[in-house]
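Below: one structure in structure tokens.
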């Protein structure tokens, strides 16, 4: 294969899979590979990522592969204070200098960022938010993450937690327990893995929607099945989705009140729910501190590929 100029390699490390891609300078994919994540095995994870980078580099052309930059998206972040991974739901990474260990294994410098930050960066670069100055990217799946991009640059902050809206409390929480129509009480709210109660993630993640539906007397269903039942006007499912849309409207309104983004882009499994965008937009103006809410709410253009594409974009084209 002939060498491609300005190739950037991106890696998206997930709980069950590791995905890798090689992008050309203009954002075209020339190689894509996926391997299973060695669950709970830190050393195995380092080796798996290093092997995947080597495979992608080898298939990108000899010259491009040897010179390609490497960016890595992780489900956590590297602490500026310690240099060790923190806040990772892949807990085997926590407390390790994952970036340094990968650099040693790969034999070249890398850049590493939170997966939601990479998602937002991808969508701001050439996705659904291209051309907008202030972008808030949201991942709603097994967890709830967020990332901020301003004028094409990802914002991480001095604590490396910019965009982590999922671990704020649900805004304007209702006092009734359980709420009208059933479901999970909003105060104090469900326990979160972070050690607190009532975090946005406990309501807006897939498991959060499933828990709320079950608490209202519904049978056990996954989030996608609840959404399908709601679309068919099944009463419990429709009530659960009404609660979900109102909770998302409140949660995003709190972001709009602070950041005032031009556009909010949704990714992750729950972003595929039909009717979600209209339902949230119909509700969020009652919570936004403005006479009009002109913020856009859209699905990701690159879907599940945004994380890995954003990881590649942690390096600028032709970076040394």
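Computed from the coordinates by the stated procedures, all read-outs in this text should not be read as laboratory data. Remember, predicted model here, so these are calculated numbers, not experimental data. Ideal geometry is used to build each Cβ from the backbone, glycine not excepted, and the neighbour counts take in all protein chains shown.
Using 10 Å bins from zero, what percent of all Cα-Cα pairs in segment 189-259 falls into each bin?
Cα pair-distance distribution for segment 189-259, in percent: 21, 48, 26, 5.
Turning to a different aspect of this structure: How big is the gap, in Å, between the Cα center of segment 240-284 and the Cα center of segment 124-168?
Cα centres, segment 240-284 to segment 124-168: 14 Å.
Only counting other Cβ atoms within 10 Å, I'd like 77, 37, 91 sorted with the fewest neighbours first.
Lowest count first: 91, 37, 77.
Using the eigenvalues of the Cα gyration tensor, what equivalent ellipsoid semi-axes result for segment 232-320 when each is taken as the square root of five times the eigenvalue, whole Å, largest first?
Gyration-tensor ellipsoid for segment 232-320: 29, 19, 9 Å.
Across 5 Å bins from 0, what is the distribution of all Cα-Cα pair distances for segment 128-300, in whole percents?
Computed distribution, short to long bins: 2, 9, 18, 22, 21, 15, 8, 4, 1, 0.
For the chain, what's the radius of gyration and Dmax over Cα atoms, in angstrom?
20.1, 65
Restricting to bridges with both residues inside segment 128-300, how much of the DSSP beta-bridge set is antiparallel, in percent to the nearest 5?
55
Related question: Which of these, 156, 142, 16, has the largest mean-square fluctuation under a Gaussian network model of the chain (Cα springs below 10 Å)?
Among 156, 142, 16, the largest mean-square fluctuation in the Gaussian network model of the chain belongs to 16.
Take the Cα radius of gyration of segment 65-114 and divide it by 2.2 N^0.38 Å, with N its residue count; two decimals is plenty.
Ratio of Rg to 2.2 N^0.38 Å for segment 65-114: 1.14.
With 10 angstrom as the radius, rank 247, 111, 286 by how many other C-beta atoms surround their C-beta, starting from the fewest.
286, 111, 247
For the chain, give me the percentage of DSSP beta bridges that are antiparallel, rounded to the nearest 5 percent.
Taking every DSSP beta bridge within the chain, about 60 percent pair in antiparallel fashion.
Then there is this: Give the order of 55, 123 when sorted by the count of other beta carbons within 10 angstrom, beginning with the fewest.
55, 123
Let me ask something else. Regarding segment 1-102, what's the average projected area of the Cα-atom convex hull, expressed in nm²?
6.3
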